[in-house]
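Take a look at the structure below.
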Amino acid sequence: MNQKTILVVDDAPDNLMLLSNLLKQKYKVKVANSGEKALKVISSDQRPDLILLDILMPHMDGYETLRRIKEDEATRDIPIIFLTALSDAEDEKHGLGLGASDYVTKPISPAIMMARIKTQLENKAAADFLKNQNSFLDAEVQKRTEEISAIQEVTISALASLAETRDSDTGNHIKRTQHYVKLLAQHLQKNPKFAPFLDDAMIKTLFMSAPLHDIGKVGIPDSILLKPGRFTPEEFEIMKTHTTLGAEAIARAEEDLGFEVKFLKIAKEITLYHQEKFDGSGYPEGLKGEQIPLSARIMAVADVYDALISKRVYKEPVSHEKGVAIMREGRGTHFDPDIFDAFLEIQDTFLEVALRYADAEDELQKKKEHLSLFARE
């Protein structure tokens, strides 16, 4: 049941018979008297485990036959031993250079031939074992990576949901801004200015990190966070600390881990700086222009757009067109002009996301009732 199959390729009938008789006591033997027939045998469902290949054959010689075998991904790993009367070193070098595993000159010594075959089959078995082990390890690494990614996503979702329970925003705000950020980053990826930073891995990280942008609001007193009207100057100063509170919480998580995690680094940037403005008039640090991390500049566009066009328990939404018109006034002052221009180019896809994840009236009513409980407490 475990017998290996050897394919013998030689145009001389006597050589085929000699090798078949030598090999058949230990191996299954297939024969072909030309390179063309050999290729047909090799392409069958039951491929040989090893090939003994003559070089000097008419029409298609051994070199060409070997070349075609190595071209095919399905057959390139079959070990091939050249059989030839050619004994010149250059011939041997040429054959080995094409991918032959070994080179045996005629007349053949049975003992040497059997030993060479045994060695090549053992080498192939060892290579197959390592290949299978590597495939298994690759699959395990992929599995663990997917598990870690799932844990990260669940953790982020849980933390974002926690912040949302104390805020006038709904859970759909988190979904919408997350998708806005992804759409904007993918579009900016086409711009040479941003492409070096916005590779596919970074866009995935931005998508994962965006829900944490307002996590610091859990540290804002209810009397301020849930206030329906305008803040006093003193209240606004307290409200602004949600950026630093969120970033500090993420920083402490990084310290506990003892090493840097990319999505936490980006989440910290977004959380701390998404309220900065391009002209330096934002908070908490008054950063200006490209001093503001790109992640936060992208988040600023997504966050303001959603705030304008979405209904809240305390306000009615503006139309998409009105929201875009209001945002135009902030080009170059509130928003990075390049990022804002990219937003304008894909604004229709933003609207599609807004409609897809629109807040239902019953959801807003539940949110209003939930927040009123906080206010009474």
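When only residues in the stretch 289-301 that are assigned to a helix (DSSP H, G or I) and crowded, with 20+ Cβ neighbours inside 10 Å count, which is nearest to the chain's Cα centre (by Cα)? By that ranking, first place goes to Ser295. If you filter the stretch 261-288 down to residues that are free of Cβ contacts under 8 Å to residues at least 12 places away in the same chain and within 31 Å of the chain's Cα centre (by Cα), you find that the one that is farthest from Glu248 (Cα to Cα) is Val261.
Being among the aliphatic types (A, V, I, L, M), open to solvent by less than 10 Å² (accessible area, probe 1.4 Å) and at pLDDT 95 or above, is that true of even one residue in the stretch 302-319? The answer is yes, given that some residue of the stretch 302-319 is among the aliphatic types (A, V, I, L, M), open to solvent by less than 10 Å² (accessible area, probe 1.4 Å) and at pLDDT 95 or above.
Selection of first residues in the stretch 6-35 that are more than 20 Å from Thr65 (Cβ to Cβ) and of second residues that are assigned to a helix (DSSP H, G or I), restricted to Cβ pairs under 6 Å at least 6 apart or on distinct chains, gives the following pairs, ordered by first then second residue: Leu22/Pro110. Within the stretch 268-300, the residues that satisfy the criterion of being among the basic types (Lys, Arg) and in contact with a helix residue (DSSP H, G or I) (Cβ under 9 Å, 6 or more places away or on another chain) are Lys268, Lys277, Arg297. With respect to the conditions (1) open to solvent by less than 40 Å² (accessible area, probe 1.4 Å); (2) modelled with pLDDT of 65 or more; (3) not acidic (Asp, Glu); (4) not in a helix (DSSP H, G or I), Thr177 lacks only one, and its number is (4).
The values are calculated or read from the model by the stated rules, or taken from the named source; none is laboratory data. Please read all numbers here as calculations on a predicted model, not as lab measurements. Virtual Cβ from ideal backbone geometry, glycine too; neighbours counted across all protein chains shown. Protein only, heavy atoms only, side chains kept; ligands, DNA and RNA dropped before computing areas. Shrake-Rupley method; radii C 1.70, N 1.55, O 1.52, S 1.80 Å.
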